[in-house]
1. Taking segment B:66-98 on its own, how many of its residues are at the interface with chain A (Cβ under 10 Å from one of its Cβ atoms) and of a type in the set (S, T, N, Q)?
2. Look at B:L108 and say whether it is more than 10 Å from chain A (Cβ to nearest Cβ) and either among the hydroxyl-bearing types (S, T, Y) or out of contact with any strand residue (DSSP E or B) (no Cβ under 6 Å at 6 or more places or on another chain) (or both).
3. Suppose we filter segment A:55-91 for residues that are within 14 Å of chain B (Cβ to nearest Cβ) and within 16 Å of ligand 1 (Cβ to nearest atom); how many remain?
4. From the set of residues in segment B:143-158 that are assigned to a loop (DSSP other than H, G, I, E, B) and not polar (S, T, N, Q), which is nearest to B:P312 (Cα to Cα)?
5. From the residues in segment B:76-107 that are within 17 Å of A:H140 (Cα to Cα) and outside any helix (DSSP H, G or I), which one is farthest from the chain's Cα centre (by Cα)?
6. Could you look through segment A:210-223, keep only residues that are in contact with a helix residue (DSSP H, G or I) (Cβ under 6 Å, 6 or more places away or on another chain) and not hydrophobic (A, V, I, L, M, F, W, C), and pick out the one that is nearest to ligand 2 (Cβ to nearest atom)?
7. Looking at (1) within 16 Å of ligand 2 (Cβ to nearest atom); (2) surrounded by 24 or more Cβ atoms within 10 Å (Cβ to Cβ); (3) of a type outside the set (V, I, T), which one does A:A186 not meet, given that it meets all the others?
8. Could you figure out which of (1) part of a strand (DSSP E or B); (2) under 22 Å from B:S258 (Cα atoms); (3) touching a Ser or Thr at 6+ places or on another chain (Cβ under 6 Å); (4) not acidic (D, E) isn't true of B:H195?
Amino acid sequence: MSMLSEPSTSRPFDVHGSPGERTLAPAATGRRDPVDPALCRQWLRDMLLIREFENRCMQQYQDKKIGGFCHIYIGQEAVAVGCTAAVRPNDPIVTAYRDHGHALARGMAARHCMAEMFGKIGGCAKGKGGSMHMFDREHHLYGGHGIVGAQIPLGVGLAFACKYMDEVIDGRPNSRVALAFLGDGALNQGAIHEAMNLAGLFDIPCVIICENNGYSMGTSIHRGTTMGHDIISKAIGYGIDGYVVDGMDVLSVYHDMSAIVEKCRRESRPAFVDMRCYRFKGHSMSDPRKYRTTEEELQYASDDPIGRLKLHLEERGELSDAVLKDMQREIRDEVRESIAWSEASPEPPMTELYHDVFVEPHGPYNGTSLPKMLQGKDLR
Amino acid sequence: MSTVTVIDPTMSATREIEFRDALREAMTQEMRRDPRVFLLGEEVAQYNGAYKVSKGMLDEFGPRRIIDTPISESGFAGMAIGAAMMGLRPIVEFMSWSFSLVAADPILNNAPKMLYMSGGQFGCPIVFRGNDGAGGQLGSTHSWCVEGLFSNVPGLKMVIPSCPEDAKGLMTTAIRDDDPVFFLESERMLGMKGHVPEGDYLVPFGQAKVRREGTDCTLVSFGRPVNFCLDAAAELAKEGISCEVLDMRTIRPLDIDSIVRSVRKTNYCVVVDQSWSFGSPGSEVASQLHQHCFDDLDNFVHRVHSADVPTPYAFNLEQEYLPNARRICEAVRSCLYRA
Ligand SMILES: Cc1ncc(C[n+]2csc(CCOP(=O)(O)OP(=O)(O)O)c2C)c(N)n1
Ligand SMILES: [Mg+2]
């Protein structure tokens, strides 16, 4: 197949293999209220920040400033940005190891995210978690989790706790919703299915968002997952409403997620989202991407979520060249500063090795107040 | 470790209740005291608990706080950990610790590591509890002693009471503790009766109790085998051997100081541990003793464990498999060069 010569409108590749965008409970989708242009520009900024951050992150990895496994979010920026825009700041969020985008979208300062990967004391977890384990109590980000699928029962538990605190302790209607993200490969973990059953059974207000980028490492969804073309069927089996959302378009993500989240909040029920997207880079830093073609990658690259939003704004005359340039410069500076800051941040002192194993006597965690490490930090 | 008030049991009224009642009393009192505490697990509510530990709790607290779960250990353990990260204080009942193995990832990879991995931001104040150990002819899959496996993991506390009084005091402490606590009960002991103080009663973690004083040999144990040690000590007394029986009560933290103090007096030590010998709390105690009491010991530390085989079903085989009074007596005689 010679895809490069095809006109740009031709879309021969469909990693999700959909027989049509089946949405069994479409009530929430399809709304396209106009969005405040200032908000759109903010999302563009957030997405550009993640893109720049991740590009620089790859360099830092190559320069051996970052160790371990490192998973790049490029291509999926619209998902984290659109989803966090659709919830309230105190709605808890939990995700997997591809978590830099979620951390930044949630409001973690780039320097705290970068320093974490550098293994420095200034990192969001004092350098004790690393790339896959970003935690931010201040911004209600409950991790970054390295074990495929493990975070979904936790996410259901976060939502359970929200509901319990409101309804059982405070005697008022539930007010919060948790977002729990997973990859398409995680769909085959038993923990996910147990969590969905519990969420359905106990009416738990958790939105389970499958960032369906079509691949788990080198395994395409169709090689690993039965009914891979229609994954919401899995949620439907647990009595949970499922939705298909275009994860390459931040406006769709925002609109659809807003409707889904508010429905969950109102009805105190779970939902499942087949968030269709594509990761532009390899699975981790050591992935030669032999399992897919350049043509396929190029097709999806032409669908860049950042490009789409830019176009949307430009068509409406809501983004001038000057504004975009300023934005890009600011972001470059911010990310560059985050690297310099992380370089300058000291390594964790050896005492940290033995801190935080137990709450007392070493841990600063005391249940409700801001942990000491975050006090005085300029978290945005 | 959090600071706790120890109430002298002789000060409060005591009455004889069963081990299971003692556990229930602790949970009930804590649930009255703190609305963040709730109990979940298989059959805990309507069925009153597979072993009747939670009997009647549904009536008092209702289904929002006494929660029947499906048979889904990985799911509900993970869910409870998420709730604990938010600040609730779940008590998770495993019908048996044997079934916790399918929840190994949440209970080992999440609960005890969350505080550390988050740089101190998210703790996990949770109690996992349930039936642990062999003795009911349940065969190998249902007879796990998880103390060997799980005590290896940093970040968790492991509690294993040997009598009703401690069951209540340690459970109360466990629920108030800010860290994840693995609380091991023995189904074989749930009907055991004993004096238990009424009202608030806390037994601090990391403080062993001398269950019998003696001068010739220190017996170190925890959980159900403490009772076998007491039987053995009574038997050995007839032979003129005076054993000191130490009930550790918690494996993590381990009160090594009390063991050392006793061994400095007796110069001989036998550790009795119902888990398998290889990489076990028993081997840990022996190792620490060799470090602290090298010059005090008149023989190497002897150990009595479950036999190094899968748990058999047949009654006679299972009894021989477990640490029992006969095997403990043999170990003590051998240790004291009286075999
Ligand atoms: C339980 C477990 N098994 C295997 C792995 C190794 N692993 C890490 S990511 C991954 C692929 C997951 O793919 P997916 O869920 O689609 O997420 P994506 O990487 O596409 O974001 C694998 C196999 C792991 N971390 N945990
Ligand atoms: Mg994937």
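1. 3
2. yes
3. 1
4. Of all residues in segment B:143-158, those assigned to a loop (DSSP other than H, G, I, E, B) come to B:143-146, B:151-156.
Filter once more, so that each one left must be not polar (S, T, N, Q): B:144-146, B:153-156.
Numbers: B:W144: 12, B:C145: 14, B:V146: 17, B:V153: 27, B:P154: 31, B:G155: 33, B:L156: 30 Å.
Residue satisfying both the conditions and the ranking: B:W144.
5. Top of the filtered list is B:M86.
6. Residues of segment A:210-223 that are in contact with a helix residue (DSSP H, G or I) (Cβ under 6 Å, 6 or more places away or on another chain), as a first pass: A:211, A:214, A:216, A:221-222.
Retained after the next criterion (residues that are not hydrophobic (A, V, I, L, M, F, W, C)): A:211, A:214, A:216, A:222.
Details: A:E211: 7, A:G214: 7, A:S216: 5, A:H222: 12 Å.
The residue in question is A:S216.
7. (2)
8. Unmet condition: (2).
The values are calculated or read from the model by the stated rules, or taken from the named source; none is laboratory data. Note that the structure is predicted; figures quoted are calculated from it, not measured. No Cβ is skipped: glycine too gets one built from the backbone with ideal geometry, and neighbour counts run over all protein chains shown.
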